[in-house]
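Throughout, read-outs are computed from the coordinates displayed, never taken from laboratory work. Everything quoted here is computed from the prediction, not taken from an experiment. Every residue, glycine as well, gets a Cβ built from its backbone with ideal geometry; the counts of neighbours run over all protein chains shown.
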Amino acid sequence: MSSITLVEAVNLALSRAMEDDDRVVVLGEDVGINGGVFRATAGLQQRFGAERVADTPLAEGLIAGMAVGMAAEGLRPVAEIQFAGFAYTAIDQILNHAGRLRHRTQGRLSCPMVLRTPCGAGIHAPEHHSESPEAMFAHIPGIRVVYPSSPAKAYGLLLASIADPDPVVFLEPSRLYRRFKEEVEDDGEPLPVDQAFIAREGTDVTLVAWGAMLYESLKAADELAGDGHFAEVIDLATLKPIDYDTVLESVKKTGRCVVVSEAPRTASLASEISANISERALLSLLAPVERVTAWDTVTPMFRLEERYMPNAARIVGAARKVLEYQ
Amino acid sequence: MTVAATFEIRFTRYLDPTGREAAPLPSFAADARALLPDYRAMVFMRALDAKAIAMQRTGQIGTYASTLGKEAIDAGIGAVLAPNDVLLPSYRESGILMLRGVSPHRTLLYWGGDERGNVFPESPHDFPFNVPIASQMPHAAGVAYAMKLRREPRVALAMCGDGATSKGDFYEAINAAGAWKLPMVVVVVNNQYAISVPRRMQSAAQTLAQKAIAAGIACEQVDGNDLIAVRDAVGRAVELARTGRGPTLLEALTYRLSDHTTADDATRYRSADELKEQWKEEPILRLRSWLHAKGAWSPTDEQALAKDAQMHVQKMVQAYLDTPPPGSEQMFEHLYARLPRQYQSQVAELTQQEERDVEHHAG
Ligand SMILES: Cc1ncc(C[n+]2csc(CCOP(=O)(O)OP(=O)(O)O)c2C)c(N)n1
């Protein structure tokens, strides 16, 4: 057991998966000798060789498309897109192929690949390096979308994603890469990729979040507790398919819900979750579901990113609104 | 079997690494003094670059992509392009932009995380800095198409790195440029690395210039550390494009003497010896040696220029620091020609948030 950061946990899970399964290969830009621009693949090439940890030419369509081919041919590729903002040309392959290869061939071929990419704002990165495209991925049929919020979750969820028989887009919040350490046991134990986690129990309002927004929500819960309001905080973890059992059970208990997302509001996962709650728990609701999201703007360059990402104060404001709703 | 087609890749160099003439010079270099503005620009670029790195280290700007080693390429292109041509830069072309009249404090704003870094009032048709690799290449084809459609004697000049030549966008754009004989010039800055990935791992092609052959367009390799060679080759390519004789791909050979960006540590993937060797090729010393030999430049001139460069850099830093911080409303400004009324609620929410935060700080 050792205390490690989220990015170290990604590294640990990759090492474990490569150690345990020869079919696992890692590919991407700068993943080899450089160990990835965030060091997520540090040491892997030295340990497993350049064939299993391959620096690719600079081409995201190639990276995703090759992963499709490798997966269909029996490998377990874990492809890295250096930043989510550069995954858009890879989406063609995920949408047209990874997500439908099994269906198109009626089960003859399949696509057990993982596409990992750091995402989200908050690290003072240059333009295009702070995107939150989770809703675009979640819109794609036939894939899973996983979004860990801590070192232990990253470790277990990544192992599960690699073992999963279907394609998984694994979004890593770069803002949490080195934010804190957590004890992680390298026991090869996966976490379920179809379950949300209760991060904090409460009775008065449900806060649904994932990734970095989990911590803003927990902060908000602290503040609300000061006023005597007890928020239940859910870490969604898997964004497709969503574990509505956990969400609805919580909302039925609290009667109020705020969904928090770092992505722009329109056509977001926050909207999707809100719609589901309204459809399936309307009679338990004591107030309309609130969404706290980024604005429907371009992800701004970093001088304004603090004004773009939702923060605890905005979540508290939305929670008060639903708590005070008559 | 018979030979269906044969090709060759020419390489242009006029000055060897020590600054000695390796070939008869083109006419624009007949009087060495005519190249002094280019030399000065290169020295300014390097001074500004050093300052930007220092500012990143002290937290005054964010991640910054250095231009160290590519000054001859930027100066050569800057000298050749006409004001109404269109430059489509990558993120590393602050040097060319400076020569297009764009105040270098914009570069600091850009890397300082401020959208106003892409406002180029002095060269309003040029494209903004471009980070998603090679995505500017199809834009260049579109710009060139527009010029051609209107029968304008203008040129679209797009810049990219060696890594960028692996992207579909790159191939698609040069292919289209050939198919339509567009007034387009592509300059590939082959600085030998795409972050940690060396040029040889990017492609098995012997040269990157030869990618143009598949696209059916003209190409040439040029010594990117030799200002005279760059000016000459880019000048010829731009002239071809301008006169309707088709696009060109130039591969400018140079070396990234810096880390990829300030967020990178190149010692992880390349040796100190390699770097030391490459410093012998660098463009500024090479040109200065030649200017000295021609009697066009003296150590006194150099001292005066160094002082001048420092003053200029200081002015740019001041202009950057004096720029008032962007207001949050900037996120919504210029998003559309007119912000749709549906956005009003979000603008109001933002304002409310700001007020709450101010109260929060006061309380
Ligand atoms: C589409 C895309 N993928 C990945 C990146 C991340 N990235 C930034 S620069 C770079 C290497 C670029 O190398 P090259 O084209 O040779 O240009 P250089 O930086 O050496 O000038 C990479 C991979 C990006 N900006 N865009």
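Some points to look at:
- Computed E for A:Asp227/B:His125 - FRET, C-beta separation, R0 45 angstrom, nearest 0.05: 0.20
- Sequence of A:Asp187, B:Asp169 once ranked by neighbouring C-beta atoms within 10 Å, starting from the fewest: A:Asp187, B:Asp169
- Reduced Cα scattering model of the stretch A:258-326, Debye log10 I(q)/I(0), q = 0.11 Å⁻¹: -0.29
- Size estimate for the protein assembly as shown follows the Kirkwood approach: the inverse of mean 1/r over distinct Cα pairs works out to 27.1 Å.
- Positive dipole terminus of the stretch B:149-221, leading residue within B:Ala212, B:Ala179, B:Gly168 (C-beta point charges): B:Ala179
- Label-to-label distance, nm, for residues given as B:Phe28 and B:Thr267 (7 Å Cα→Cβ offset): 4.0 nm
- Taking Cα centre as origin and charging only the Cβ of basic (Lys, Arg, +1) and acidic (Asp, Glu, -1) residues, the dipole magnitude of the stretch A:123-248 rounds to 360 debye.
- Cβ-placed point charges (K, R +1; D, E -1), dipole of the stretch A:197-324 about Cα centre in debye, nearest 20: 260 debye
- Dipole magnitude for chain B: computed about the Cα centre from +1 point charges on Lys and Arg Cβ and -1 point charges on Asp and Glu Cβ, it is near 980 debye.
- Whole-angstrom gap from the stretch A:222-238 to the stretch A:241-286, using each part's C-alpha centre: 15 Å
- Each Lys or Arg adds one and each Asp or Glu takes one away; over the other residues whose Cβ falls under 14 Å from the Cβ of B:Arg40, this sums to -2.
- Estimated 222 nm signal from helices in the protein assembly as shown, with DSSP H stretches of n ≥ 4 weighted -39500 (n - 2.57), rounded to 500: -12000 deg cm²/dmol
- Charge tally for A:Phe180 (other residues, Cβ to Cβ under 13 Å; Lys, Arg +1; Asp, Glu -1): +2.
- Once each of the GluC sites (Glu not before Pro) sitting in a DSSP loop with at most 16 other beta-carbon atoms within 10 Å is removed, chain B keeps B:123-332 as its longest stretch.
- The stretch B:107-148-the stretch B:1-76 distance, computed between alpha-carbon centres (Å): 21 Å
- Quotient of Cα Rg and 2.2 N^0.38 Å for the stretch A:197-324, N being how many residues it contains: 0.97
- Low-density loop positions, GluC sites (Glu not before Pro), the stretch A:1-77 - DSSP coil, at most 13 other Cβ in 10 Å: A:Glu51, A:Glu73
- For chain A, the longest principal axis of the Cα atoms and the long axis of helix A:151-163 meet at an angle of about 50 degrees.
- Cα-based equivalent ellipsoid of chain B: semi-axis lengths in Å, sorted from largest, via gyration tensor: 36, 27, 20
- For chain B, the longest principal axis of the alpha carbon atoms and the long axis of helix B:344-362 meet at an angle near 70°.
- Loop-located chymotrypsin sites (Phe, Trp or Tyr not before Pro) in the stretch B:269-363 (DSSP state not H, G, I, E or B) with no more than 16 neighbouring Cβ atoms inside 10 Å: B:Tyr336.
- Amide N proximity, the stretch B:219-260 versus B:Leu275 label position 7 Å along Cα-to-Cβ, cut-off under 13 Å: B:256-260
- Using a Förster distance of 41 Å, the FRET efficiency for B:Thr6-B:Gln314 (Cβ separation, nearest 0.05): 0.15
- Nearest-0.05 FRET efficiency for A:Arg47 and A:Glu189, computed from C-beta distance (R0 22 Å): 0.55
- When the convex hull of its Cα atoms is viewed from all sides, chain A shows a mean projected area of 16.0 nm².
- Computed with the Debye formula from one identical point scatterer per Cα of the stretch A:1-94, without solvent, the log10 of I(q)/I(0) at q = 0.10, 0.22, 0.23 Å⁻¹ comes to -0.24, -1.13, -1.21.
- Between B:Ala319, B:Ala134, B:Ala52, the Cα set farthest toward the positive side of the dipole of chain B (charges on each charged residue's Cβ, about the Cα centre) is that of B:Ala134.
- In this simple spin-label approximation, B:Glu239 and A:Thr203 carry label points 7 Å from Cα along the Cα→Cβ vector, and these lie 8.6 nm apart.
- Considering only chymotrypsin sites (Phe, Trp or Tyr not before Pro) in DSSP loops that have at most 16 other Cβ atoms within 10 Å, the longest stretch of chain A without any of them is A:1-179.
- Spacing of the modelled spin labels on A:Glu73 and B:Tyr336, each 7 Å from Cα toward Cβ, amounts to 4.8 nm.
- Coil-residue GluC sites (Glu not before Pro) of the stretch A:151-236, DSSP, other Cβ within 10 Å capped at 16: A:Glu185, A:Glu201
- Restraint check, A:Lys219/A:Lys240; B:Lys167/B:Lys315; A:Lys219/A:Lys252; B:Lys70/B:Lys315; B:Lys148/B:Lys315, Cα-Cα greater than 30 Å: B:Lys167/B:Lys315; B:Lys148/B:Lys315
- Between helix B:136-149 and chain B: long-axis angle, C-alpha atoms, 0 to 90°, nearest 10: 80 degrees
- Other residues within the sphere of radius under 12 Å centred on the Cβ of B:Gly168, judged by their own Cβ, net out at -3 (K and R +1, D and E -1).
- Average 1/r across all pairs of distinct alpha carbons in the stretch A:2-184, invert it, and you get the Kirkwood radius: 15.9 Å.
- Alpha carbon convex hull of the stretch B:112-260, volume per residue in cubic angstrom: 121 Å³
- Distance from the C-alpha centroid of the stretch B:192-222 to that of the stretch A:107-185: 33 Å, rounded to the whole angstrom.
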